[in-house]
Each structure stands twice: as C-alpha cells, then as structure tokens.
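Asks: The structure's right below; bear with me while I get my questions together.
The values are calculated or read from the model by the stated rules, or taken from the named source; none is laboratory data. In this text, all values refer to a predicted model and were calculated from it rather than measured experimentally. Counting neighbours? That spans all protein chains shown, and the Cβs are built from the backbone with ideal geometry, glycine included. Surface areas here come from the heavy atoms of the whole protein model, side chains and all, with no ligands, DNA or RNA. Shrake-Rupley method; radii C 1.70, N 1.55, O 1.52, S 1.80 Å.
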Amino acid sequence: MIINVLEYLEYSYEKKTHKIVFSDEHNEITYEELVDKSKRIGSWISKRYNVKNKPIAVLIDRNIESLVMFLGVVYSGNFYVPIDMNLPNERIKSMFCTISPITIIGFESYRNPIEQLGYEFNNYSDISKVESDHKILDDIRSKMIDTDPLYAIFTSGSTGVPKAVLISHRSVIDLVECFKETFEFSDNDIFGNQAPFDFDVSVKDIYSTLKNSATMQIIPKQLFVFPVKLIDYLNERKITTVIWATTALCVVANLRAMRNQKPLYLEKIMFSGEVMPIKILNYWKDNLPDAKYVNLYGPTEITCNCSYYKVSREYELNEVLPIGIPFKNTDIIVLNEKNQPVVEEEIGELCVRGTSLALGYYNNTEKTQEMFCQNPLNAVYPERIYRTGDLVKYNKMGELIYCSRKDFQVKHMGHRIELGEIEVAANAIDFVERSCCLYDEERGKIILFYQSEREQNEEVLSKLSECLPKYMIPACFICMKSIPLNKNAKIDRTKLKEKYIN
C-alpha cells in the first residue's frame, strides 16, 4: 500500500538511478540527484523547525530547483505552497496572511522582497548543501499517514481573498494510480510540462513522472509565444505526452504552427481548463491523426480531475466535446435545484464524492463547510461531497456534457476566476463608486463595468495591475454614470450584458 508520494520517487530511484527525471531549459537532474538534494533540504527544515504538517512557501520558477524544493518540504513531513513572485505584492501578502508559512524558501534574488514583507527567507543554494540526516527523515516518515497534506494551491476567492486548497498524499496517489491505469503511462513516457507549478495541472506532470519512472521536460514559457520554436523543442526533447491547458493547444492551432514541422514523438495529447473548440481539436487531429486525445475535467478541490473523455469519433463544429465519465474510485452526482439526481438530459450541478476531495481550504473553516458539504442523498452517516458550481447534463451515451457555471465563477486562460474578486479590487479604487464584472464567453473576455463621474480606464487598469495577476485583468473597461439596478436593488447583470453585446 502506497502511503506517501515519496515512495514513487524512491522506487524509481532504485529502478532508474541514473535516469534523468526532470529537465529544464538549462539543467537536468537524475533520480539519484533528486533524492539526495531533496533529503538535504528535508533534513535542514526538520532540524531547523521540528514541525509537522505545516505550510512552507516555495518561491517558484520554471526550473528543476522548484521541484527539488517541493520534495524537500515533503521529506520534512510538511506541505509546500507554490508562490509566484511575479504576482502583485498585495496578492502575495494576502496569500502569506492566509497560510502564515513557517518559512519561505527560494533563490537569493527573492530575499529582499520577502524580507521587506516581514517574512523569514532561506536561500535554496545554502540549504541544499547541508548533510542529510537519515535517522531524522526515517523517523518523520514512520509517523506520516496518507491523509497528511502534500500541498496547498491558491485559487481565486469570491470575497477578494484567495483560497488555499489543501490536498493530501492519498488524493494525489489516487489520481496518479488512475492515470497510470487509464492512460497506460510507462517509463518510456517523456512529459512536456506546460502548466506553472502553482497551477494544479502541473501536479499530474510531476507525480505521473515519479510514479512511472519517467522523465519530465519543463518547457520554457516564452515558447508558447513562438509556437514554431515550441514544436522544435518538443522534437529536440522527444516529448511523448502533454497534459496542457486548452489555451496552449489553441495557440499552436491558431498560428498554424504545424504547417512545416510536426511533433514527431507526441503520442498522448490531454487537455483541460476550458471547453476545447472542435476546430482546434480538428487541427491537431488532422496533423497528428495517430495520437490519443483526452478531454480532462475537474476543479482544484477534487485533485485536478474527476472525469475524462477519450476522443473516439469526429465532431461537428457546433457540438460540445463531452467531459466524459468518472475516474475509478470517484463518484459524480448531478443534482438538480431540489438536490435530487437529474433524469435523462436534465441540467444539474456536478458534485463529487470520494478520495479525490481536498482536505478543504486552509485556514478557512467557513468556506470549507460551505463547499465541502454533506451528501444530500445520504442522511444516515457523514459523507462529504464537493459542489463544483458547474452545470452539466448527460448525453444519450451516458457521458457528461459541460453546460455553464452556476454562479459568476468563470474559467479564463486556464484559470478558475471569481469575478467577485475583481469587483472587490475595483471597488477599492477611490473614484469607482461600484463595479460589476461579466464574462463574454464567445470572445473569451472579462468586461469590467464601473460607475464613476468620468472615464479613467487607464487608471483603473493601473490600479488593478497592482493587486491582481495578469490573467484576471479585464480586457474591456466600460465607464457608466449609473450602473443599472434591478427591483431588488442589485446590479442588473442582464441589462449590462445586453448593453455590451449591442
């Protein structure tokens, strides 16, 4: 029985000691080196702090050292929290306020901004050189259980405060075991990582690599701006498997990057995050007809994915690609407004039960109890479900079809975003009296309506850029003398949508 994800690493180390496990644009690391460096970091943390199941913030870059730090934290018996230092300072401060990390580790270049925020900083280069203490590490491992937390990843929060989703070892183990069985991963796979390490899609890359004694290539972010060079990189690194955000596949297709050169080694193409346009899927299939294509679905709160669909037929441009069927050991319940299972093609909210559920939101009991609630179909013993807020229906083949969001949470550029968080930031601007965000799904744009005496779009953009990540910045700003209200004195979003479209 697997209890800890480190067992995957250590098994692969014994099997493929000198094989490259992770590689970035400039460096690479073998399984042997990864175990050694991770244990050094784990030993340093354990001796310095002597704590268990506490958050340790890791300042990430697109490099192998970020992954070494992740696993070092795990060896110490604690859980890691990836932090992107390119985010606005206000958002980073909000994250630190939520998790109160016992320490922060990263590269020396991040020392000054972290210490200016009032937090202790430790340099990766220093702590990775200490001697491993195998006795301490063995003692820590002997006391760990599979429901101990492995990582926390932040998602957008409707109150303006980002939420830290806490995931256990058992949930990730369940995920990668299902991926191995369902998609037949092996030690011949070379994963091409596209997702940032603070985005849960990367979890599938990292731990599928360790589970299967495989190799993961970290693809430079800038290549997705130059997709022709991206194809060259895929071939140079002989990448066989990609688990990408749908938007990444769209970039390649929209720029016709495979006109002259195709990925020569790509066998499995998996995507998630947004609805896959059929014309984009067709472009990939036309150029790589022998590859396997899989549509993955699931929010961060259920450990990446709870359903999948292996593309098995041709689709018309006006059809919707199914999100498929549940993974093994995961149950999906679709409930209508009366909390009853839907019938036939009735639309309802997708809810999930099983091992895949997150432990909850770190340091946010109220939101955890709201979203991870008792199964309304079970009144005789405690059983949690997660209500995704996604509206779905079953087609005639029994496959799930995504319809829309239940609330104002949207998926944009591969990220789940609470529009309310943008509104909170906009309302904090002194000359903005009130604001409302809508999402134009057809154009893929966030629209911000704000009430003000005069138009100050550039100033609004500047203020939002100080506290929100780039993917949450609206693409369109509309200043209004008075935002329309409905009979309940709430913002009339229907009228606003009509005004924008017309």
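Asks: Hey, could you check the range 323-353 for residues that are out of contact with any Ser or Thr (no Cβ under 9 Å at 6 or more places or on another chain) and closer than 12 Å to Ile401 by Cα and say which is most open to solvent (accessible area, probe 1.4 Å)?
Replies: Here the answer is Glu345.
Asks: Here's another thing I want to ask about it. Answer yes or no as to whether Met85 is open to solvent by less than 50 Å² (accessible area, probe 1.4 Å), without any contact (Cβ under 8 Å) to a residue 60 or more places away in the chain and closer than 20 Å to Ser168 by Cβ.
Replies: no
Asks: While we're looking at this one, here's another question. Just checking, does the range 202-222 include any residue being in a helix (DSSP H, G or I), touching a residue at least 40 places away in the same chain (Cβ under 8 Å) and of a type in the set (Phe, Trp, Tyr)?
Replies: Yes, that holds for at least one residue.
Asks: Kindly provide the set of residues from the range 251-260 that are surrounded by fewer than 18 Cβ atoms within 10 Å (Cβ to Cβ) and modelled with pLDDT of 95 or more, ordered by number.
Replies: Scanning the range 251-260 gives no hits.
Asks: Continuing with this model, one more query. Find the residue count for the range 98-138, including only residues that are under 24 Å from the mean Cα position of the chain (by Cα), polar (S, T, N, Q) and in a strand (DSSP E or B).
Replies: Qualifying residue count, the range 98-138: 1.
Asks: Output yes when any residue across the range 149-166 is open to solvent by 40 Å² or more (accessible area, probe 1.4 Å) and modelled with pLDDT of 95 or more, and no when none is.
Replies: Checked the range 149-166: no residue is open to solvent by 40 Å² or more (accessible area, probe 1.4 Å) and modelled with pLDDT of 95 or more.
Asks: Here are some residues: Asp146, Asp133. Which one is touching a residue at least 60 places away in the same chain (Cβ under 8 Å), surrounded by 12 or more Cβ atoms within 10 Å (Cβ to Cβ), of a type outside the set (A, V, I, L, M) and farther than 23 Å from Gln369 by Cα?
Replies: Unique residue meeting the criteria: Asp133.
Asks: Something else about it: Would you point out the residue of the range 98-122, among those that are of a type in the set (A, V, I, L, M) and surrounded by fewer than 19 Cβ atoms within 10 Å (Cβ to Cβ), that is farthest from Ile56 (Cα to Cα)?
Replies: Within the range 98-122, the match that is farthest from Ile56 (Cα to Cα) is Leu117.
Asks: Then there's this: Go through Asn295, Asn282, Asn305 for me and flag whichever is farther than 14 Å from Thr241 by Cβ, polar (S, T, N, Q) and modelled with pLDDT under 95.
Replies: Result: Asn282 is the single residue among Asn295, Asn282, Asn305 that is farther than 14 Å from Thr241 by Cβ, polar (S, T, N, Q) and modelled with pLDDT under 95.
Matching residues to (1) touching an Asp or Glu at 6+ places or on another chain (Cβ under 9 Å); (2) not β-branched (Val, Ile, Thr):
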| position | (1), (2) |
| --- | --- |
| Glu14 | no, yes |
| Thr17 | yes, no |
| Asp24 | yes, yes |
| Thr30 | no, no |
| Asn50 | no, yes |
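Asks: Scanning the range 382-411 for residues that are open to solvent by 20 Å² or more (accessible area, probe 1.4 Å) and touching a helix residue (DSSP H, G or I) at 6+ places or on another chain (Cβ under 8 Å), which turns out nearest to Glu337 (Cα to Cα)?
Replies: Selected residue: Arg387.
Asks: Considering each residue of the range 75-91, count those that are in a helix (DSSP H, G or I), within 15 Å of Ile153 (Cα to Cα) and at pLDDT 95 or above, and give that number.
Replies: 0
Asks: Please specify each residue of the range 170-190 satisfying the condition of being within 15 Å of Ser208 (Cβ to Cβ), in a helix (DSSP H, G or I) and either out of contact with any Cys (no Cβ under 7 Å at 6 or more places or on another chain) or at pLDDT below 95 (or both).
Replies: Of everything in the range 170-190, those that are within 15 Å of Ser208 (Cβ to Cβ), in a helix (DSSP H, G or I) and either out of contact with any Cys (no Cβ under 7 Å at 6 or more places or on another chain) or at pLDDT below 95 (or both) turn out to be Ser171, Val172, Ile173, Asp174, Val176, Glu177, Cys178, Phe179, Lys180, Glu181, Thr182, Phe183.
Asks: Continuing with the same structure: Among the residues of the range 419-442, how many are touching a residue at least 60 places away in the same chain (Cβ under 8 Å) and over 17 Å from Asn457 (Cα atoms)?
Replies: 3
Asks: Turning to a different aspect of this structure: May I ask you to list the residues in the range 412-427 that are open to solvent by less than 20 Å² (accessible area, probe 1.4 Å) and β-branched (Val, Ile, Thr)?
Replies: Hits for the range 412-427 are Ile417, Ile422.
Asks: Restricting attention to the range 167-192, which residues are closer than 24 Å to Tyr386 by Cβ, open to solvent by 20 Å² or more (accessible area, probe 1.4 Å) and not polar (S, T, N, Q)?
Replies: Selection gives Arg170, Asp174, Glu177, Lys180, Glu181.
Asks: Related question: If the Cβ limit is 9 Å and pairs must be 6+ apart or interchain, which residue in the range 488-501 that is of a type in the set (A, V, I, L, M, F, W, C) pairs with which residue that is modelled with pLDDT under 75?
Replies: Ile491/Leu485
Asks: OK, next. Can you tell me which residue in the range 272-288 is nearest to Val201 (Cα to Cα), limited to those that are open to solvent by 30 Å² or more (accessible area, probe 1.4 Å), touching a Leu at 6+ places or on another chain (Cβ under 9 Å) and assigned to a loop (DSSP other than H, G, I, E, B)?
Replies: The extreme case among them is Val275.
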